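Encoded as structure tokens, the structure appears first; notes follow it.
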Amino acid sequence: MTQVKQVSIFLENKKGRLLDALKALAKAKINIRALSVADTADYGILRMIVSDVPRSKAALEASGFTVKETEVIAIGVNDQPGGLAKILEVLNNAGLNVEYVYAFAEKHENDAIVVLRTENIELGIKTLTNAKVKILEAKKVYSI
Amino acid sequence: MVDKLIWNPKAESMLPKERELLQLERLQHIVKYAYENVPYYKKSFDAAKVKPSDIKSLKDITKLPYTSKDDLRSAYPFGMFAVPHEEILEIHTSSGTTGRPVVVGYTASDIELWGEVMARALSMAGTTKADWVQNAYGYGLFTGGLGVHYGARKIGANIIPISAGNTKRQLEIMRDFGTTVLTCTPSYTLYLAEVAAEEGIDLKKCKLKAGVFGAEMWTETMRDEIEKRLHLTALNIYGLTEIIGPGVAQECIEKTGLHLQEDHFYPEIITPDTLLPVAEGHKGELVLTTLTREGTPMIRFRTKDITGLRHGVCKCGRSTVKMDRITGRSDDMMKIRGVIVFPSQIEKALLEIPGIEPHYKIIITRPNQLDELEVHVETSKKLFSDEVRHIEEIKNNIESHIERAIGIRIKVTLVEPKSIQRSEGKAKRVFDMRNLK
């Protein structure tokens with residue numbers, strides 16, 4: 001399994017909604033490995049890599065959130081200037097758009113970990129694999 | 001399966017010529033009765049220089065002045081009563097959310113009449129003695145609860161007088177008692193379905209066969225949704241407190257309009273601006289005259305409801321005139337940047353889009369001297385994406401779809417699921433924040 005499952009939820013632009021979501025996960029004893037928030041004037045999208053996808057989904061849905069699971073790619077990036085740029089260049093050369101990208105707080109074996117979503121995710125994985133980019137196994141990612 | 005039943009074949013399938021004679025006879029009587037017993041009518045007929053004896057044909061009804069809701073309000077509380085209080089058995093009032101309530105009174109014969117027209121209505125939904133009627137309309141001053149109650153009692157059905165609210169209990173009773181006919185507002189049915197899903201109650205396994213839904217406007221798409229979610233035949237009922245309550249008109253299983261009980265309620269359709277009659281089949285404001293009410297007779301009451309009438313014999317065998325589904329109210333008609341918009345148009349457009357929940361809110365504002373219309377729509381799994389680009393696309397699609405339906409650009413805001421307030425009675429969907437006073 002090279003595709004990592006990301007959990008995302010719709011956040012209405014209302015005071016305390018992000019906190020409500022995080023509290024629901026805390027109560028279910030879910031650890032958030034990485035997260036990013038896309039915000040617009042009206043709403044936000046909270047995207048997360050969590051320790052337990054099914055339980056996170058259940059906890060968030062029970063709190064009334066719309067939850068979506070999406071496949072993303074987690075890659076190990078050489079933690080030095082230009083590390084990520086090199087990888088994105090590979091995708092760019094292959095004509096693949098990157099929908100979004102965010103990073104883990106923790107390192108893995110001296111690599112920085114970056115989550116990205118490309119259009120046509122299978123092709124994205126293939127392109128990155130051919131370019132010898134380190135793609136992390138889902139199992140490993142959830143327990144970092 | 002809903003059986004074809006006609007409660008009162010003599011009245012409901014009467015030859016049109018015969019019915020017209022009956023209507024004229026009753027009209028002449030009620031006009032005289034109102035003139036002689038209600039000071040309001042004496043005053044208004046005198047002012048219009050018309051006497052009861054001027055009514056020589058049904059067409060002469062147009063000589064009589066209209067009665068508006070404001071007229072009824074000024075008569076608060078008992079100014080419209082035609083009989084002494086000893087003769088009144090029951091009173092009801094309109095909700096009074098927009099001013100003083102309207103008070104109507106029922107004599108014994110009025111209650112009998114109400115039971116009769118409601119029995120006709122419930123029979124159109126196949127209700128018999130053997131049925132369990134779960135009546136989730138509110139019992140009280142609101143006419144919904146007791147109106148259905150009297151009709152079901154006349155039929156001899158098993159009435160579950162549960163009234164509105166207490167949704168979990170409604171569902172348990174529906175499952176445990178084997179409810180076959182459900183009566184409530186259409187918006188409440190969808191809430192029932194939602195709670196049923198949460199509580200793990202399988203509506204498919206319930207014995208529901210038909211529903212008699214009304215007291216608020218709804219659409220064909222909403223009917224499809226209700227039928228799909230509740231596994232029953234959903235039929236539309238119409239009525240209003242000022243006339244009698246529910247039972248003025250009811251859809252038969254042909255679902256091609258509501259049979260108006262015209263031997264008791266005489267309908268006209270007028271253009272709200274000019275007050276002139278419109279041609280058969282054209283839309284306008286419904287005006288009703290009660291032909292047989294004793295307690296509070298109504299002469300040419302302007303309902304503000306927008307509909308059209310179609311004469312002819314229905315496939316179901318009834319010859320009573322059919323009224324279209326109400327598509328708006330001449331008073332909740334919204335004027336947005338000068339364009340006339342009815343909330344039902346927005347609802348219809350919304351529900352045509354897959355994945356949209358039938359819960360929405362319309363907000364009208366005027367931020368910079370220009371009206372803006374905003375529609376709040378709940379996100380669902382189908383509508384949500386983890387990419388802003390996709391969500392924006394979805395919003396744009398909804399906006400364009402509504403724009404095509406109503407002719408003006410609006411703004412759609414996606415809100416979290418179940419964040420729009422559910423109602424157990426009439427759903428409030430339009431919030432006009434313009435302060436146009």
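So, in region A:28-43, of the ones that are part of a loop (DSSP other than H, G, I, E, B) and within 11 Å of another protein chain (Cβ to nearest Cβ), which residue ends up surrounded by the fewest Cβ atoms within 10 Å (Cβ to Cβ)?
Within region A:28-43, the match that is surrounded by the fewest Cβ atoms within 10 Å (Cβ to Cβ) is A:A41.
In the set A:L91, A:L19, A:L84, A:L46, which member is buried (at least 19 other Cβ atoms within 10 Å of the Cβ) and assigned to a helix (DSSP H, G or I)?
Residue meeting the stated conditions: A:L91.
Inspect all residues belonging to region A:53-68 and state whether any of them is modelled with pLDDT of 90 or more, within 25 Å of A:K107 (Cα to Cα) and facing chain B (nearest Cβ under 10 Å).
No; the residues of region A:53-68 include none that is modelled with pLDDT of 90 or more, within 25 Å of A:K107 (Cα to Cα) and facing chain B (nearest Cβ under 10 Å).
Can you tell me which of A:K5, A:K14 is among the charged types (D, E, K, R), touching a helix residue (DSSP H, G or I) at 6+ places or on another chain (Cβ under 8 Å) and either in contact (Cβ under 8 Å) with a residue 12 or more places away in the chain or within 10 Å of chain B (Cβ to nearest Cβ) (or both)?
The conditions single out A:K5.
For region B:316-409, give me every one of the strands (runs of 3 or more DSSP E) that falls completely inside it and has 2 or more residues that are surrounded by fewer than 16 Cβ atoms within 10 Å (Cβ to Cβ).
Counting at least 2 such residues, we get B:339-341.
Condition check ((1) among the polar types (S, T, N, Q); (2) surrounded by 15 or more Cβ atoms within 10 Å (Cβ to Cβ); (3) in contact with a strand residue (DSSP E or B) (Cβ under 6 Å, 6 or more places away or on another chain)) across all residues:
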residue: B:L27; (1), (2), (3): no, yes, no
residue: B:E36; (1), (2), (3): no, no, no
residue: B:K42; (1), (2), (3): no, no, no
residue: B:K49; (1), (2), (3): no, no, no
residue: B:K56; (1), (2), (3): no, no, no
residue: B:K59; (1), (2), (3): no, no, no
residue: B:P65; (1), (2), (3): no, yes, no
residue: B:R73; (1), (2), (3): no, yes, no
residue: B:F81; (1), (2), (3): no, yes, yes
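Quick one: would you say A:D42 is touching a residue at least 40 places away in the same chain (Cβ under 8 Å) and among the charged types (D, E, K, R)? Walk me through it before giving the result.
Details: touching a residue at least 40 places away in the same chain (Cβ under 8 Å): no; among the charged types (D, E, K, R): yes.
So A:D42 does not fit the description; no.
Within region A:94-114, restricting attention to residues that are small (G, A, S) and outside any strand (DSSP E or B), which residue is surrounded by the most Cβ atoms within 10 Å (Cβ to Cβ)?
Initial filter on region A:94-114 (small (G, A, S)): A:94-95, A:103, A:105, A:112.
Remaining after also requiring outside any strand (DSSP E or B): A:94-95.
Details: A:A94: 16, A:G95: 10.
Of everything passing the filter in region A:94-114, A:A94 is surrounded by the most Cβ atoms within 10 Å (Cβ to Cβ).
Give the number of residues within region B:326-348 that are in contact with a helix residue (DSSP H, G or I) (Cβ under 7 Å, 6 or more places away or on another chain) and small (G, A, S).
Looking only at that region, the number is 1.
Are any residues in region B:384-401 more than 8 Å from chain A (Cβ to nearest Cβ) and among the hydrophobic types (A, V, I, L, M, F, W, C), and if so, which ones?
Scanning region B:384-401 gives B:I394, B:I398.
Which members of region A:120-144 meet the condition of being modelled with pLDDT of 90 or more, among the charged types (D, E, K, R) and part of a loop (DSSP other than H, G, I, E, B)?
Residue satisfying the conditions is A:K132 alone.
The values are calculated or read from the model by the stated rules, or taken from the named source; none is laboratory data. The structure presented is a predicted model; accordingly, all values stated were derived computationally and were not measured. No Cβ is skipped: glycine too gets one built from the backbone with ideal geometry, and neighbour counts run over all protein chains shown.
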